[in-house]
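Heads up: the structure comes next, in structure tokens.
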Amino acid sequence: MATATASSNVTAPRSLNTSLDLDIDKARPTIVPERIALYAGLAVGVVMFAIGFLNYFGIANILIRPGEGTGANPAVDFFVLGVLAIVGPYGFLASAHYRKISRIESRLPDFLRDVAEAGRFGMTLPDAIVVASKGRYDLLTGEIKKMASQLEWGVPVATALSLFKERVNTPLVNRTVSIIIKANEAGGNVADVLSMVARDTRDVQITTQERQITMLTYLTVIYISFYVFLVTIYIMAAVFLPQMITAGSGIASSGTSVGGASAISLNFSSIPELFLAFMVAVIVHAIGDGIMSGVIINGRLSEGFQHATVMLASGWLFMRFAVPNLVIPSVTS
């Protein structure tokens with residue numbers, strides 16, 4: 001009887017740990033939404049690139065701006081749409097994911113400080129976590145209350161912390177929880193460790209925020225310079241080049257000649273190619289400046305994709321629908 005009782009007492013925790021291990025496995029995400037958006041964007045982008053290729057060689061006649069024939073402009077339009085489909089959804093979803101992570105991690109030091117304060121009153125780590133769970137920690141509140149409920153049901157503190165880490169699954173939470181588990185296993189005053197971790201975490205967050213505020217000036221300069229470039233192109237298309245074309249047409253039609261030949265020969269046929277070069281420059285600047293903006297703000301390429309999407313979409317719409325088309329007159333000598 002004693003042997004049977006002992007064996008049953010031993011196997012019960014194993015079955016509990018096995019079920020908790022299964023819960024940890026279920027908590028791990030399979031495919032994140034950002035990756036789905038990237039794969040879907042790649043598929044749409046390939047279709048857009050194919051349509052642009054067909055438009056360029058005159059095989060298809062699918063136009064974004066009415067009144068244009070096949071050629072380089074429709075091809076560029078679908079190239080831009082393809083790039084937007086690839087970087088846009090992924091950039092915005094990934095940036096939203098990182099903003100959520102930052103929002104979660106911003107309240108972690110408050111929770112650690114509350115647990116440390118409860119521990120200084122002589123409470124054990126599980127009791128301190130249960131007491132601290134009564135507070136409000138924004139997005140962390142629900143997960144902390146779930147962890148406290150598990151502790152109240154008798155789940156070991158290391159297992160409850162591991163489940164909490166797997167559910168939240170952010171870099172700062174993973175590192176912090178690992179430190180707490182090791183400190184609790186080593187024994188001693190866990191409250192001092194929690195206070196130290198909370199202080200260091202807060203210092204890191206303050207340093208990151210200060211760097212982002214400093215880099216915000218450079219981000220503003222990048223956006224201003226990009227849109228100044230667009231305004232410069234508009235002024236050239238709306239004011240400068242039309243005046244040059246009008247003046248040149250008047251000179252050419254005045255009949256000024258030397259020895260029976262025209263003294264002035266004007267050719268405006270290269271102006272459409274000039275504006276195509278401007279369009280390519282806008283695309284290159286939008287993608288490059290956008291990616292650089294995201295990297296200097298927080299060092300993430302996904303944030304750069306978000307800025308590149310905003311710049312590329314606004315620059316393309318401005319060039320195609322706000323900048324006027326120049327009508328090149330036929331000049332006869």
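None of the figures in this text is laboratory data; all of them are computed from the coordinates on show. Small disclaimer: the values here were computed from a predicted structure and weren't measured. With ideal geometry, Cβ positions are generated from the backbone for all residues, glycine too; neighbour counts draw on all protein chains shown.
If you count, for each residue, the other Cβ atoms within 10 Å and average over each peptide, how do 136-145, 89-98, 204-213 line up from highest to lowest?
Most protected by this proxy first, the peptides run 89-98, 136-145, 204-213.
Give the calculated FRET efficiency between ARG202 and VAL32 to the nearest 0.05, with a Förster radius of 35 Å applied to their Cβ-Cβ distance.
In this case the efficiency is close to 0.80.
Using r as the Cβ-Cβ distance of ARG211 and ASN174, and R0 as 25 Å, what FRET efficiency do you calculate, to the nearest 0.05?
E between ARG211 and ASN174, to the nearest 0.05, is 0.65.
Let me spell out the model: positive unit charges on the Cβ of Lys and Arg, negative unit charges on the Cβ of Asp and Glu, origin at the Cα centre of the range 108-188. What dipole size does that give, in debye rounded to 20?
Result for the range 108-188 is approximately 100 debye, rounded to the nearest 20.
Using Cβ contacts closer than 10 Å as the measure, can you line up SER302, SER102 from fewest to most?
So the residues, fewest neighbours to most, are SER102, SER302.
Run the simple label-point estimate for SER149 and ASP192 please: 7 Å along Cα→C-beta, distance reported in nm.
Distance between the two pseudo-spin positions: 3.6 nm.
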